[in-house]
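What follows is calculated from the coordinates using simple rules that are stated; it is not laboratory data. The structure displayed is predicted, hence computed values, not measured ones. Quick reminder, even Gly has a Cβ in these numbers, built from the backbone with ideal geometry, and neighbours come from all protein chains shown.
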Amino acid sequence: MKIKQIIFLAFIFFISWQLSGQEEITIRIKEGMPMIPVALPDFQFAEASLPNNEIKSLIYETLWKDLEFSRVFKLVPREHYSYISRFNANAINFKDWASIQANILITGQLEIAADERIIFSLKIYEVNSSKFIFGRNYGGKKDLCRMIAHKAADEMMKHFGEKPLFTSKIVYVSETGTDKEIYIMDYDGFRPTRITFNNYIDMLPSWSANNEKIIYTAYRHLNPDLYMFDIYSGKTELLSSGGVNYAADWSPGAEQIVYTSSKDGNTEIYLKDMKTGQDKRLTFNPAIDTSPCWSPNGREIAFTSQRNGTPQIYIMDAEGSNIRRITTEGSYHDSSAWSPDGMRIAYVSRIEGRFDIYVFNLKSNDIIKLTENSGRNENPSWSPDGRHLVFSSNRSGRYQLYVVDYDGRNIRQLTTSGENKMPKWQRLPK
Amino acid sequence: MKKTLVLFVVLSLIILFNACGKKAVKVAPVQEPVVEKVEEPATQVEKPVLSEEEIFQQKTIEDLNKDQVLKKINFDFDKYQVREDMKSILQANANWILKFSTVQILVEGHCDERGTIEYNIALGEKRAEAAKNYLASLGVNAAKIKIVSYGKSKTLVQGVDEASFFQNRRAEFVITKK
């Protein structure tokens with residue numbers, strides 16, 4: 001009897017060990033997944049097209065940079081194209097493309113009318129089977145060239161089971177002189193657009209779940225109050241005032257926001273129903289509670305609390321219960337950002353006066369450091385696909401926005417003029 | 001006859017007293033004015049004439065704030081408790097506010113740049129609140145004091161040494177109404 005029990009328990013243990021082992025493996029495969037080798041030969045002009053090389057190279061280079069950024073696709077180096085016969089859209093020699101290790105062939109044809117109206121035809125082939133996979137036509141004027149390329153890159157991502165991110169935008173605060181205003185730009189730093197026009201301090205913008213509204217804090221009445229700006233109607237409405245009101249994060253699943261406020265005398269975390277406007281206080285502690293951030297399933301909230309003496313990252317259930325501490329080492333952590341896959345939390349740590357961005361893996365408890373020995377690095381925000389983060393850093397003197405991959409690779413600077421801070425990357429609308 | 005005598009005595013006493021008073025007034029200036037007038041230029045003589053009350057009456061709120069009639073206090077790194085050496089400044093500020101009971105005050109809490117934006121807003125709030133509570137403990141009506149936190153968005157000095165950081169970790173007392 002007893003032996004049977006022991007065997008049974010051992011069996012259960014073995015199964016659960018196996019399962020967790022399996023999970024661990026799938027994560028590794030996803031992160032270290034080999035990138036898909038793609039070839040992107042020069043685009044062709046249609047017979048009736050104006051041979052506008054400026055437009056052609058703008059779309060081509062933008063698409064190239066998107067795919068290069070993706071960490072999903074690996075571009076076969078352009079030099080290798082010279083080893084094989086020139087690309088001919090009417091008679092594609094797939095064996096040639098296979099010989100330079102391309103799995104996917106991306107071809108583009110442009111038809112540019114006299115008024116610079118563009119029709120861009122994208123066709124995707126699988127090299128080994130010599131098969132056409134899918135195609136899209138994009139139309140627009142010259143000023144939409146970058147957007148056309150981003151849409152084409154997004155289509156590639158979607159086709160290969162990945163989340164689109166190249167048409168996603170980043171909201172941030174830009175400072176020129178004494179003016180601190182809110183801007184929106186493309187994910188790659190191009191096409192910045194100013195959205196607030198005032199003389200008071202604007203700070204910590206974030207997106208609504210449908211990406212149509214920006215919630216931010218403004219010292220409009222000499223007090224940090226929380227406002228919501230509708231990008232499409234241009235209307236601004238006051239959400240919360242009295243004490244400090246900031247760091248809002250819109251729920252991924254419901255019409256709710258969490259934010260920090262001291263309206264009752266101490267900085268606490270509040271949950272606001274955006275339909276009724278009703279507030280529910282989630283934390284009750286004389287210490288500082290701040291910087292709330294939803295888990296992607298909307299069931300939990302990560303936040304910063306100083307309840308044990310120093311600012312540490314905690315997680316609580318969305319109702320405010322079941323509070324547990326995440327960071328155990330170090331004496332200063334803040335600005336948590338939950339990854340879209342729900343498995344990681346990025347945050348800022350101050351260690352010996354240095355501010356760096358760290359990523360905590362909730363499954364394995366592993367911590368990796370994304371930035372190293374380079375100024376102050378702050379306010380991380382994940383890309384919609386969770387492979388990249390945008391953050392601000394003063395490594396070049398003034399604060400600028402940078403992107404980095406989830407593993408700390410490929411740091412690149414997005415902004416150069418003025419001072420730019422507090423970026424928030426759009427999430428994918430549901 | 002008796003009445004005239006009494007009147008005479010009273011009058012002579014008044015004259016005597018008056019003479020004494022005048023003498024006392026005259027004695028003091030005789031000793032000093034020569035020294036004063038030689039040493040001090042006219043413009044400087046005018047200044048001490050204005051009493052604290054007169055300054056308060058004549059100056060605008062902006063000028064009073066520019067002159068920093070209320071002094072700012074500084075805080076320790078990462079802390080929001082009022083430092084021992086800052087308590088005398090708060091006492092002086094409290095005395096001034098109590099003297100001019102019509103004023104309203106805004107306490108601004110500020111931080112140095114060695115903190116995150118979000119946490120510093122909360123920390124600045126705590127600093128402003130600590131300063132307000134201390135003033136209230138000295139008898140200032142708390143209803144006259146509002147607080148605001150600027151976090152690290154309004155640093156006073158640019159610098160990467162402790163002296164600069166110290167100057168930036170502060171609470172400022174702004175007069176908003178008089």
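Scan B:72, B:87 and give me the residue that is buried (at least 18 other Cβ atoms within 10 Å of the Cβ), in contact (Cβ under 8 Å) with a residue 24 or more places away in the chain, under 30 Å from residue A:285 (Cβ atoms) and away from chain A (no Cβ under 14 Å).
B:72 is the lone residue from the list that is buried (at least 18 other Cβ atoms within 10 Å of the Cβ), in contact (Cβ under 8 Å) with a residue 24 or more places away in the chain, under 30 Å from residue A:285 (Cβ atoms) and away from chain A (no Cβ under 14 Å).
When residues of region A:177-234 are filtered for being on the phi > 0 side of the Ramachandran plot and either within 25 Å of the chain's Cα centre (by Cα) or of a type in the set (Phe, Trp, Tyr) (or both), how many remain?
The number of residues fulfilling the criteria is 5.
What residue, among those in region A:241-285 that are small (Gly, Ala, Ser) and over 19 Å from residue B:120 (Cα atoms), is surrounded by the fewest Cβ atoms within 10 Å (Cβ to Cβ)?
Top of the filtered list is A:277.
From the list B:174, B:148, exactly one residue is within 15 Å of the chain's Cα centre (by Cα) and within 11 Å of chain A (Cβ to nearest Cβ). Which is it?
Answer to the selection: B:174.
Identify the single condition in (1) under 28 Å from residue A:397 (Cβ atoms); (2) part of a helix (DSSP H, G or I); (3) of a type in the set (D, E, K, R) that residue B:108 does not satisfy, given that it satisfies every other one.
So residue B:108 meets the others, but not (2).
Restricting attention to strands (runs of 3 or more DSSP E) lying wholly within region A:168-231, give those where 1 or more residues are within 14 Å of chain B (Cβ to nearest Cβ) and charged (D, E, K, R).
Where strands (runs of 3 or more DSSP E) fall fully within region A:168-231 and carry at least 1 residues being within 14 Å of chain B (Cβ to nearest Cβ) and charged (D, E, K, R), they are A:169-176, A:179-186, A:202-207, A:225-230.
Starting from residues that are touching a residue at least 12 places away in the same chain (Cβ under 8 Å) and touching a Lys or Arg at 6+ places or on another chain (Cβ under 9 Å), keep the ones in region B:139-152 and report whichever is surrounded by the most Cβ atoms within 10 Å (Cβ to Cβ).
Restricting to residues being touching a residue at least 12 places away in the same chain (Cβ under 8 Å) and touching a Lys or Arg at 6+ places or on another chain (Cβ under 9 Å), the top hit is B:149.
Can you name the residue in region B:91-112 that is surrounded by fewer than 23 Cβ atoms within 10 Å (Cβ to Cβ) and either of a type in the set (S, T, N, Q) or closer than 22 Å to residue A:206 by Cα (or both) and is also nearest to the other protein chains (Cβ to nearest Cβ) among such residues?
B:104
Please work out which one of (1) assigned to a helix (DSSP H, G or I); (2) touching a residue at least 40 places away in the same chain (Cβ under 8 Å); (3) exposed (fewer than 15 other Cβ atoms within 10 Å of the Cβ) is the condition residue B:81 fails and give its number.
Failed condition: (1).
Taking region A:334-378 as the search range and keeping residues that are of a type in the set (S, T, N, Q) and within 12 Å of chain B (Cβ to nearest Cβ), which one is farthest from residue A:389 (Cα to Cα)?
Among them, the one singled out is A:349.
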